[in-house]
Amino acid sequence: MKGVERADRGGVESEPDGRRRGASGLERQRPVVEVVGLSAVAGGVILVDGVDFAVWAGEVTALVGASGSGKTTSALALLGEHSEGVTLSGSVEVDGRLVVDSNGVTGAAVGVRGRVVAYMPQHPGSALNPARRIGAGLSELGKLHHPGEEVVGEALRGAQLPSDRATLRRFPHQFSGGQRQRVALAQALTCRPKVLVLDEPSTGLDSITRLQLVEELKELAAAGLGILLLSHDLELVRALAHRVVVLDAGQVVGDVLPTATQLPATQGTQQQTEPLLQAMNVSASLRTRGRDPILQEVDLAVPPGGCVGVVGRSGSGKTTLARCLAGLHERQTGRITLAGEDLPVLRKRTPDQTRQVQYVWQEVRGSFDERRLVDEQVARTAIRLRGVTPSKARAEAVATLARLGVSAHTAARPPSRLSGGELQRAALARALLAHPEVLICDEITTALDEHGTSLVVELLNELKTQGTALVWISHDLGLVAQVSDHVLVLDAGRVVEQGPPATVMTKPDTELTQRLVRAARIGHRPPEPPPVLTSSADTRSEPHR
């Protein structure tokens, strides 16, 4: 089968007909998923062209490739699903049922969704109902697929979430981005599927939780679950995958992972300048009068052309800090200044203050209007905040998107027709068209491969030389070390360590930072117990719309 790697784990090899031969030569087993010649076309554009891969029970098959290479389109075909205007053809067989044939999606597709194949999307916010508590959604799924059985607690434990009443009564917006990722995983596990499709499952996870995820997925596979993994996280793929399928421009191009690039840490900015953006003794809470605190007495200073990196576990308060700086979280105390002048909450800022401080948040898909083309939405920033003419704004939008690797043809589509990585770069371009003095970046490279990340870093480094100040929030410690001049480590809403990245990453003082650094390389340490979610967790990750 083209593009399917022969794995040497346990002496397992693939026969030409898709069967599996064990080390004894006696075992005969067909894959639970078999995809042959899968193609996807939208408006005359070929999205996927003749893709072959298979998933076996008890094993992990990984689809890797650049943003827009066809990974998500190929994975959704297992459920007989596709974006609007896309036509599927080829052969997709799941658990003995033909889901896609030469005429498109078959009637058997309905029968495999949930109980046979469960899908966890790249952006967890799109899989969660914002108006329902997570416990109600999980219970409904359990009753639908396994009536009379207790599956919710099991699913939550599998997703490394507590199953207490307080957690079950939370709404999706009351979790951090990384925590919402685990809630979406719990939804998929509630179905008890035979095949689990994970689209970028490590997005938004800190290094400790990511390591725990690896061990949990290994256990699920060992219990007989077939897993299709879509990821740019090469270390995650190496730790889990039995087979690798490399996609490029919708075609299978190989079965060998590229070599990961090691990013050097910077020594930090030595020059002493007045801060452009400064936060002094900033605290934030969920409720009025400081009740349910989620950020406590945080200080931050970013000089012109500088970059402060913010790291910490999921739910430690990183996104809340970003929202305070952007003026989106109003239940805050302390002082935030821009060039020495007080910076109020967003609704009280002048248009120029809004232009000067731009925020690119973690889950970008929900920030785009599905009824309008992406390039129009990117250009609108320059029109509204800088008074640029529509024609000039569109030209700037196209040029900036091109710098970030998103073609004009791709950008002239609605958001649903862009991959997660393409949309992530479009969100960055939209903020850059404001020509901000301060750019707050909240996990802006989670959906990008190394090439896409390098394009983002190259452009932002260029802006830094022109005086733009950056606040960079990320779980990728190597990337933070590369781009930042100073690093803050948050835990339970407080700064527990700070300093130059080379020092913090190589000689950490606190136990938390030591654990984060140790866990950054998968497989070096045994997993640690997951954190208990408390009311002090970071609960703000999405803008109010």
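The values are calculated or read from the model by the stated rules, or taken from the named source; none is laboratory data. This structure is a prediction, so every number in the text was calculated from the model and none was measured. Using ideal geometry, Cβ is built from the backbone for each residue, glycine included, and neighbour counts are taken over all protein chains shown. Heads up: the accessible areas ignore ligands, DNA and RNA and are worked out on the full protein's heavy atoms, side chains in. Shrake-Rupley method; radii C 1.70, N 1.55, O 1.52, S 1.80 Å.
If you check Ser454 against the conditions, is it open to solvent by 30 Å² or more (accessible area, probe 1.4 Å) and either acidic (Asp, Glu) or farther than 23 Å from Asp352 by Cα (or both)?
Values: open to solvent by 30 Å² or more (accessible area, probe 1.4 Å): yes; either acidic (Asp, Glu) or farther than 23 Å from Asp352 by Cα (or both): yes.
Yes, satisfied.
Is there any pair linking a residue in region 53-69 that is at positive phi to one that is among the acidic types (Asp, Glu), with Cβ under 7 Å and at least six apart or on different chains, and which?
Hits for this filter: Gly65/Asp248; Gly68/Glu422.
Just checking, does region 118-125 include any residue being among the small types (Gly, Ala, Ser), under 21 Å from the mean Cα position of the chain (by Cα) and either closer than 19 Å to Leu217 by Cβ or open to solvent by less than 20 Å² (accessible area, probe 1.4 Å) (or both)? Show your work before the answer.
As a first pass, look at region 118-125 and keep what is among the small types (Gly, Ala, Ser): 118, 125.
With under 21 Å from the mean Cα position of the chain (by Cα) added as a condition, the list becomes 118, 125.
Subset that is either closer than 19 Å to Leu217 by Cβ or open to solvent by less than 20 Å² (accessible area, probe 1.4 Å) (or both): 118.
Yes: region 118-125 contains one or more residues that are among the small types (Gly, Ala, Ser), under 21 Å from the mean Cα position of the chain (by Cα) and either closer than 19 Å to Leu217 by Cβ or open to solvent by less than 20 Å² (accessible area, probe 1.4 Å) (or both).
Among the basic types (Lys, Arg) and free of Cβ contacts under 8 Å to residues at least 60 places away in the same chain - does that describe any residue in region 85-97? Reasoning before the result, please.
Taking region 85-97 as the starting set, the residues that turn out to be among the basic types (Lys, Arg) are 97.
With free of Cβ contacts under 8 Å to residues at least 60 places away in the same chain added as a condition, the list becomes 97.
Checked against the condition, which is being among the basic types (Lys, Arg) and free of Cβ contacts under 8 Å to residues at least 60 places away in the same chain, region 85-97 yields at least one hit.
Inside region 274-374, counting only strands (runs of 3 or more DSSP E) that do not spill past its ends, which hold 2 or more residues that are of a type in the set (A, V, I, L, M) and surrounded by fewer than 23 Cβ atoms within 10 Å (Cβ to Cβ)?
On the way: elements: 277-285, 293-302, 307-312, 332-338, 357-360.
So the answer is 277-285, 293-302, 332-338.
Given the conditions (1) open to solvent by 10 Å² or more (accessible area, probe 1.4 Å); (2) within 22 Å of Glu93 (Cα to Cα); (3) not charged (D, E, K, R), which single one is not true for Leu198?
Going through (1) open to solvent by 10 Å² or more (accessible area, probe 1.4 Å); (2) within 22 Å of Glu93 (Cα to Cα); (3) not charged (D, E, K, R) one by one, Leu198 breaks only (1).
Just checking, does region 178-191 include any residue being open to solvent by less than 20 Å² (accessible area, probe 1.4 Å) and among the basic types (Lys, Arg)?
Within region 178-191 (the criterion being open to solvent by less than 20 Å² (accessible area, probe 1.4 Å) and among the basic types (Lys, Arg)), the answer is yes, since at least one residue qualifies.
Of all residues in region 172-197, count the ones that are of a type in the set (S, T, N, Q) and outside any helix (DSSP H, G or I). Before the answer, list the steps.
First, the residues of region 172-197 that are of a type in the set (S, T, N, Q): 174, 176, 179, 181, 187, 190.
With the extra rule that they be outside any helix (DSSP H, G or I), the set shrinks to 176.
Selection size over region 172-197: 1.
Do we find that Gly80 is touching an Asp or Glu at 6+ places or on another chain (Cβ under 8 Å), at pLDDT below 95 and not hydroxyl-bearing (Ser, Thr, Tyr) in this structure? Give the derivation first.
Details: touching an Asp or Glu at 6+ places or on another chain (Cβ under 8 Å): no; at pLDDT below 95: yes; not hydroxyl-bearing (Ser, Thr, Tyr): yes.
In short, no.
Pairs only if they're at least six apart or on different chains, beta carbon under 6 angstrom, first in region 436-451 and more than 16 Å from Asp206 (Cα to Cα) and at pLDDT 90 or above, second open to solvent by 20 Å² or more (accessible area, probe 1.4 Å) and of a type in the set (S, T, N, Q); list them, first residue then second.
Cβ pairs passing all conditions: Pro436/Gln356; Pro436/Gln358; Glu437/Gln356; Leu439/Gln358.
Taking only pairs six or more apart or across chains, which ones have beta-carbon atoms under 8 Å, a first residue in region 170-186 that is without any contact (Cβ under 8 Å) to a residue 12 or more places away in the chain, and a second residue that is assigned to a helix (DSSP H, G or I) and open to solvent by 10 Å² or more (accessible area, probe 1.4 Å)?
Within 8 Å, no pair qualifies.
Are any residues in region 131-146 at pLDDT below 85 and not in a helix (DSSP H, G or I), and if so, which ones?
Passing the criteria: only His146.
So Ala429 clears everything in (1) open to solvent by 20 Å² or more (accessible area, probe 1.4 Å); (2) farther than 22 Å from Ala301 by Cα except one condition, right? Which one?
Of the numbered conditions (1) open to solvent by 20 Å² or more (accessible area, probe 1.4 Å); (2) farther than 22 Å from Ala301 by Cα, the odd one out for Ala429 is (1).
Within the bounds of region 224-243, is there any residue that is open to solvent by 10 Å² or more (accessible area, probe 1.4 Å) and farther than 24 Å from Gly65 by Cβ?
Yes, some residue in region 224-243 is open to solvent by 10 Å² or more (accessible area, probe 1.4 Å) and farther than 24 Å from Gly65 by Cβ.
For region 36-69, how many residues are open to solvent by 10 Å² or more (accessible area, probe 1.4 Å), closer than 26 Å to Ser454 by Cβ and assigned to a loop (DSSP other than H, G, I, E, B)?
3
If you go through region 213-223 one residue at a time, do you hit one that is open to solvent by 10 Å² or more (accessible area, probe 1.4 Å) and not in a helix (DSSP H, G or I)?
Yes: region 213-223 contains one or more residues that are open to solvent by 10 Å² or more (accessible area, probe 1.4 Å) and not in a helix (DSSP H, G or I).
Any idea how many residues of region 189-231 are of a type in the set (Lys, Arg) and within 17 Å of the chain's Cα centre (by Cα)? So that I can check it myself, show each step before the final result.
Initially, region 189-231 is screened for residues of a type in the set (Lys, Arg), giving 192, 194, 210, 218.
Add one more test, that the residue is within 17 Å of the chain's Cα centre (by Cα), and what stays is 210.
The total comes to 1.
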